[in-house]
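The values are calculated or read from the model by the stated rules, or taken from the named source; none is laboratory data. What you see is a predicted model, and the numbers here were worked out from it, not measured in a lab. Neighbour counts are summed over all protein chains in view; Cβ atoms, including those assigned to glycine, are modelled from backbone coordinates with ideal geometry.
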Amino acid sequence: MLIIKADTANAVKVFKKAALSYSPVVFPTDTIYGIGAGFFDVFANEKISKIKGREAGKAFPVLISDIKQLDDLKIAVTNKTKKILDKSWPGPFTFILETELDGYYYAVNAGKVAVRLPDKRWLRETIRIMGTPFTATSANLSGKSYRGEFRSIFEIFKNDIDYFLYEEPYSRENTPSTIVDVSCEEINILRNPLAMDIKDLQ
């Protein structure tokens, strides 16, 4: 087991070690703690689904290092959508976007994927160095409330996960991201803890 404070060097070390055994990692994002792995690591992401008791068809959000990494996910955005992304990223906004990727059922659902560019520099740099987007589902068991303290999260997952990055004190108050569907002509806010108005995103 490896438990280490989150920064770029440590995070790269942890994710590289975890990738060797197709293992997931618990890590802090700019919103809440997540469990994730390299997007294309099917075995690690299947482990996450099993550990969480994740229901089929509920896709993991995906983190990217910069907007160019949308290409890795086979996502093409319109000028209208790009303006929204440029205004909102990096930050606590997850956008539902259309993808041409096949498979990867744990993150792709009905030709769509939920993507976020996090406002945490070490995390973006880690994703860039690793050369792959990361999946990042909330660090709680499916159907159970999220408990934001690292010690609580560790107690829940210590028997199933071997790699942990922590950040104490945590920088945010356990507020999840706002989820916005921009895959259709009409913009639709699906989850809105920040009480955003659609006009503020345009």
Inset, instruction - Of the conditions (1) buried (at least 17 other Cβ atoms within 10 Å of the Cβ); (2) among the charged types (D, E, K, R); (3) over 15 Å from the mean Cα position of the chain (by Cα), LYS144 clears all except one; give me its number. - result: (1)
Inset, instruction - Test THR94 against the stated conditions and say whether it is over 17 Å from the mean Cα position of the chain (by Cα), surrounded by 13 or more Cβ atoms within 10 Å (Cβ to Cβ), within 25 Å of THR175 (Cα to Cα) and of a type in the set (Ser, Thr, Tyr). - result: no
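Kindly evaluate ILE127 against the criterion of being among the β-branched types (Val, Ile, Thr), over 15 Å from the mean Cα position of the chain (by Cα) and more than 20 Å from LEU190 (Cα to Cα). Explain how you work it out, then say what you get.
Values: among the β-branched types (Val, Ile, Thr): yes; over 15 Å from the mean Cα position of the chain (by Cα): no; more than 20 Å from LEU190 (Cα to Cα): yes.
Criteria not met by ILE127.
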Inset, instruction - Working carefully through the options PHE43, PHE39, find the one that is closer than 14 Å to ALA136 by Cα, at pLDDT 95 or above and of a type outside the set (Gly, Ala, Ser). - result: PHE39
Legend entry - Near pairs, Cβ below 9 angstrom, 6+ apart or cross-chain, from segment 67-89 (closer than 12 Å to GLN202 by Cβ) to any residue that is among the polar types (S, T, N, Q) and not in a helix (DSSP H, G or I): LYS80/GLN202; THR81/SER183; LYS83/GLN202; ILE84/GLN202; LYS87/GLN202; SER88/THR178
Inset, instruction - Identify all residues within segment 19-45 that are in a helix (DSSP H, G or I) and under 15 Å from the mean Cα position of the chain (by Cα); write none if there are none. - result: ALA44, ASN45
Inset, instruction - Just need a number here: residues in segment 47-88 that are within 23 Å of SER23 (Cα to Cα) and charged (D, E, K, R). - result: 7
Inset, instruction - For segment 171-200, name all the residues that are β-branched (Val, Ile, Thr), part of a loop (DSSP other than H, G, I, E, B) and touching a Phe, Trp or Tyr at 6+ places or on another chain (Cβ under 8 Å). - result: VAL182
Legend entry - Residue ranges of helices (runs of 4 or more DSSP H) in segment 54-170 with at least 3 members within 16 Å of THR31 (Cβ to Cβ) and at pLDDT 95 or above: 121-130
